[in-house]
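Some notes on the structure that comes next.
Taken together, the values in this text are just the output of simple stated rules run on the coordinates, not laboratory data. Keep in mind the model is a prediction, meaning the values are calculated, not measured.
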Amino acid sequence: ELLLVENERLKQELKSCRSSELKLDACCRNCSCSRCPPQRRQLENQQNLSLRLQECEEQLARQAATPRVQVGGSPECHTDKRKVQSDSSCCQFVTQTVEVESADTQKVLAEMQLKNGALQEQLTVQRQLLRELETQLHESQRTCTQLRTQILVYEGEMERAQGQLEAEMQNLEEEKNRVIEEAFIRAESEMKAVHENLAGVRMNLLSLQPALRTLTCDYNCLKRQVQDFPFMLDKAITEAKQEICQVISEVSNANQELLRKYKREMNLRKKCHNELVRLKGNIRVFCRVRPVSQEEQDSADAKTMLSFDSDDDAILYLSNKGKIMTFELDKVFPPQATQEEVFQEVQSLITSCIDGFNVCIFAYGQTGSGKTYTMEGVADDPGINQRALRLLFSEVTEKAPDWDYKISVSMVEIYNETLRNLLGENPTDKLDIKMNPDGSGQLYVPGLTEITVQSPEDINRVFELGHMNRATACTNLNEHSSRSHALLIITVSGFNVATGNRTQGKLNLVDLAGSERIGKSGAEGSRLREAQCINKSLSALGDVINALRGKHSHVPFRNSRLTYLLQDSLSGDSKTLMMVQVSPLPANMSESVCSLKFAQRVRSVELSASSSRRHENSSTSSSPTHDTGLPPVTPVPLPISRASSAGSTLSSASRTPSSSRRRSQSQLSTGTQRSTTYSSSSSSSTCTHIYRTH
Ligand SMILES: Nc1ncnc2c1ncn2[C@@H]1O[C@H](COP(=O)(O)OP(=O)(O)OP(=O)(O)O)[C@@H](O)[C@H]1O
């Protein structure tokens with residue numbers, strides 16, 4: 001019975017084991033891997049259970065085959081019987097136990113109990129195992145579910161990726177097909193074009209064949225010509241040479257003719273210019289009224305007695321002793337006229353010395369009337385001297401390279417009829433004016449320093465040197481400068497590279513000594529001598545101008561150092577400008593009237609024709625007399641007759657607006673080149689200065 005019970009229990013256990021096996025995965029059931037030890041252990045248990053069940057059944061079978069033995073009751077049995085009897089529910093079982101109670105049975109029972117105990121233990125272990133297995137199973141199932149979910153997600157993603165891949169493949173396929181189709185079409189069209197080209201080339205080839213034959217023929221022809229070329233070249237060169245020689249001689253002839261015409265034209269222009277100068281008068285007289293200074297304005301005597309014509313810049317009105325005097329000059333500069341405006345009016349004269357004319361600009365007027373201001377100016381507003389040199393530089397630079405010019409400068413002071421070399425090493429040395437011993441009839445000043453200037457900086461250096469030397473030669477420069485004449489002599493020598501012509505012009509810029517009369521100044525002693533010398537030279541200047549105006553056969557240039565030195569700039573086709581400086585103050589009115597009258601007299605002078613000058617020069621060179629027999633002419637005022645005198649007749653032309661006068665002057669100066677034979681004796685850079693006679 002125990003076996004039966006055991007058997008039954010084993011069956012149940014096995015059944016439960018199998019039923020739990022059903023829940024296992026196919027993998028775990030069949031798997032031989034090492035990852036599923038619980039499952040394997042379960043299988044092993046199952047097998048063990050099966051084996052034990054089999055053993056139990058075999059024992060049962062053997063029991064069944066063994067005959068049953070009735071055993072008398074022992075005290076224990078009786079005890080048991082009593083126990084069983086007390087329990088009515090177990091009555092049959094006790095009966096049966098008694099039936100089998102034998103030694104063997106006892107033994108088997110003991111064995112069975114042992115087995116039962118072992119089996120119970122096994123069962124406990126199995127149950128424990130089973131629980132573990134169930135836990136593992138649940139875990140596995142959960143993992144399995146997660147894995148399945150993940151697999152499903154992966155599968156979805158894979159499906160999506162596959163879909164995309166397929167779509168991409170599809171697109172690529174379509175693209176590939178399209179590209180292939182396009183390439184094919186292109187290739188077809190290109191192929192067609194190539195075929196067409198090929199056809200064209202074939203056609204060309206067919207048509208070129210005759211051309212090739214022609215070319216071959218030409219080539220052969222040229223080859224023969226190349227072989228003949230040296231001979232032909234020699235012949236052609238010889239012919240060309242002859243032709244060139246012929247052309248050169250023709251051009252040379254034409255050039256000669258042109259040169260001849262040019263020279264003739266120049267002479268004509270010069271004649272015209274001279275005629276024009278003769279008509280206009282080549283002595284121009286400007287007047288500049290200096291402004292009233294600050295100190296003078298404060299004094300009671302500041303009232304100006306001068307007034308200007310707003311319509312005519314050549315007229316000046318002067319109120320003297322209740323009478324209005326009218327002076328007509330070539331140009332009147334009011335006090336507000338700037339240095340630049342003054343220079344604008346004189347610059348055409350200055351440039352004419354580049355063309356070979358001698359020019360003389362001198363400032364005339366009483367002391368303090370502004371002569372030095374006009375000629376020298378002040379440091380930040382230079383006067384005519386410095387502006388003239390700068391203008392000459394710019395003009396000769398413009399004429400290069402056709403003309404090659406040299407500009408040289410000398411500075412001379414005439415004090416008490418003594419000539420001083422302001423650029424020399426010893427300014428106190430006295431210079432003399434002499435006849436050139438070469439018999440040319442030219443005057444020169446032995447020992448006069450002549451400095452070649454090449455830049456505006458050179459000009460500044462020369463002026464500085466001149467001022468320094470002038471200052472060292474006297475105690476009071478201001479007083480000294482009032483009583484001496486200062487001359488800046490600029491010589492411009494030009495050489496025309498094309499024609500070989502040479503020109504030489506001289507520009508004399510003179511700041512005269514004060515022109516006030518001796519009587520008025522009341523000077524004595526050395527002052528008297530100074531005043532007499534000044535008067536002498538200014539009188540000589542007046543005499544010279546008077547003689548020139550009267551076309552006298554003799555012009556007294558030698559009566560003073562000043563006129564002697566300025567001889568070639570006052571005569572012939574020389575151009576002279578007198579800048580009469582006038583003080584506006586009533587106290588200076590009588591001196592102003594004298595200066596203006598002298599200016600008006602000068603303005604009416606016409607320089608004589610060259611024939612009379614030749615006469616004068618020959619007489620100068622042969623007899624250095626002092627014009628004895630001719631009355632001395634002092635710079636006294638001449639009667640002004642605007643309508644009748646020659647100067648007045650011309651003055652209508654000179655009263656034209658200043659711009660037109662400027663134009664005519666510049667036309668003259670640029671249009672007329674004077675050729676001279678330049679004396680080589682003046683080439684010495686420092687000592688010798690030649691005064692050319694006409
Ligand atoms: N146009 C002018 N504008 C301004 N100041 C002037 C002008 N003219 C002359 N002056 C001034 O008047 C004063 C006298 O001029 P400047 O020395 O030139 O006279 P000057 O006639 O040369 O005298 P001197 O015969 O004594 O040499 C100077 O101070 C000068 O600066």
What does the C-alpha gyration tensor say about the overall shape of the range 365-456? Classify as rounded when a/c is under 1.5, otherwise prolate if a/b is larger than b/c, or oblate.
oblate
Which entries of Lys371/Lys597; Lys263/Lys506; Lys261/Lys399; Lys11/Lys115; Lys536/Lys597; Lys271/Lys575 have Cα-Cα distances beyond 20 Å here?
Lys263/Lys506; Lys261/Lys399
